[in-house]
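**Q** Below you will find the structure I want to go over with you.
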Amino acid sequence: MGILSKFPAHPVFIALLFWLSPYEQNWTELIFAETWRSGVFLVVAAAILTTLIWVYTKNWGRAGLAASLILFAILFYGELFDSLYITSGGILSNFWFATGWIGLLGFLIVGVLRENSDFKSFTLLLNVMLFVVLLPPTQHLMSKSSGDFLIPQPADYLSDSELATLEDSGRNVEDKPDIFFLIFDRFASDETLLNRYGYDNSSFSDALRRQGFYVADEAHANYTKTAFSLASSLNLTHLDFLSEKIGEGSGDWRPAHSMIRNHQVGKYLVDRNYQYLHIGSAWGPTRKSALAHVNYSGATPNHKTREYLNEFELYILSDTLIDRIVDNRITGRRSNLFRRQYERVKLKFDYLRSIPQDNSPRFIFAHLLLPIHPSCFRLTVAFCHQNS
């Protein structure tokens, strides 16, 4: 047990636990290719932090304990505060809790660094305890990792005759119109808006009709969930085959997500010289498409600016103390996740208006996640607050 009591692996274990926990909880909707980067970053950051403190203390026990305190305080702040906020009935102040949290952290670190002990017992206890905590989610994810490679192919759900029809159907079409496929997620029908929310949206529908649009008043969604609906629509097929391929009780959404990322409609149109503009969302499956000539998700004002963080990375970042300080959540001015979503949609509307005319036919796909909580969106006025 000598090395376990001497060398502190627990800061790295804390970083891994912070990464593994949301990954393990959402494995049915995530692929490893979108998560590994954040895991590596956290592990490397924990190791560097521990080493830097060791340079100052020349004691691995104190360095490890100080690093673990810092990592726990930063990484698990959001989860702890949110739990206490709910328990307190919403009266807990984020500002004062964060102030006390940072003060307590400073007090504990100073105490650890001033202590002459090498904390061998603490090092052994934390190493063993956190290793045991990490085992179940690690084993679970390893047993499910094969699903990452379960990517449906057209042959799985389209017959030879359907594939041949799809290949031949557009060959003689000379006039290729622009195609707009705009998804306003969770946008309710006029009937639902009126009966459930007391909002009359008929003027909008009537305006569309006057401009020549067909409004499908009696339409129903092909599936109740966005992932299945888009997987079906973008591949011109129903999804019955998935229950045979992965099992009726699987709960694994990744095959449907793969069908959205590599859809047959996009391949078909790109092969026929369409310019594919993909206006995605923060949601992983529609965030970007490898088929598209242009990808834009509204994360930045300029569609040419690269978006560095994906949905999973933004999700885990939002729980950290750093994010809540930088984004002003502590002082009450924080533009929360709903506001971020609202700003994305505004930028995507701006981009849709700015798309230049082009001689080549265009396929423009846009997935707009209109704020679900609150269920309102006002483009020309202030952000619709959750309590509105």
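A short reminder: the numbers here are calculations on the coordinates, not readings from a lab. Worth saying up front: this structure is predicted, and the values here are computed from it rather than measured. Methodologically, a virtual Cβ is constructed for each residue, glycine included, from the backbone with ideal geometry; neighbour enumeration extends over all protein chains shown.
**Q** Compute log10 of I(q)/I(0) for segment 243-287 with the Debye formula, placing one identical point scatterer on every Cα and leaving out solvent, at q = 0.25, 0.26 Å⁻¹, to two decimals.
**A** Once normalised to I(0) and log-transformed, intensities are -0.92, -0.95.
**Q** So, by mean Cβ neighbours within 10 angstrom, what's the order for 113-124, 215-226 with the highest one leading?
**A** So the order, starting with the most tightly packed, is 113-124, 215-226.
**Q** Please give, to one decimal in nm, the separation of the simple spin-label points placed at His293 and Ser318, each 7 Å out from Cα toward the Cβ.
**A** It is 3.4 nm.
**Q** Give me the number: length gained by fully extending Glu34 to Ala207, i.e. 0.36 nm times residue separation minus the C-alpha to C-alpha distance, one decimal in nm.
**A** The Glu34-Ala207 span can extend by a further 58.1 nm.
**Q** Report, in listed order, any pair from Lys225/Lys348; Lys176/Lys346; Lys245/Lys288 with a Cα-Cα distance greater than 24 Å.
**A** Lys176/Lys346; Lys245/Lys288
**Q** Right, something else. Can you give me the Rg/Rh ratio for segment 208-312, using Cα atoms for both radii and the Kirkwood formula for Rh?
**A** 1.02
**Q** Then there is this: What's the ranking of 227-236, 129-138 by average number of surrounding C-beta atoms within 10 Å, highest first?
**A** The packing order, highest mean first, is 227-236, 129-138.
**Q** Quick one: net charge around Ser289, please, counting Lys, Arg +1 and Asp, Glu -1 for every other residue with C-beta under 11 Å from its C-beta.
**A** +4
**Q** Given points 7 Å out from each Cα along the Cα-Cβ axis, report the Leu134 to Ala216 separation in nanometres with one decimal.
**A** 5.0 nm
**Q** Taking the mean number of other Cβ atoms within 10 Å as a proxy for protection, how do you rank 54-64, 253-263, 80-90, 31-41 from highest to lowest?
**A** 253-263, 54-64, 31-41, 80-90
**Q** Starting from the alpha-carbon convex hull of segment 1-103, give the projected area averaged over all orientations, in nm².
**A** That works out to 8.9 nm².
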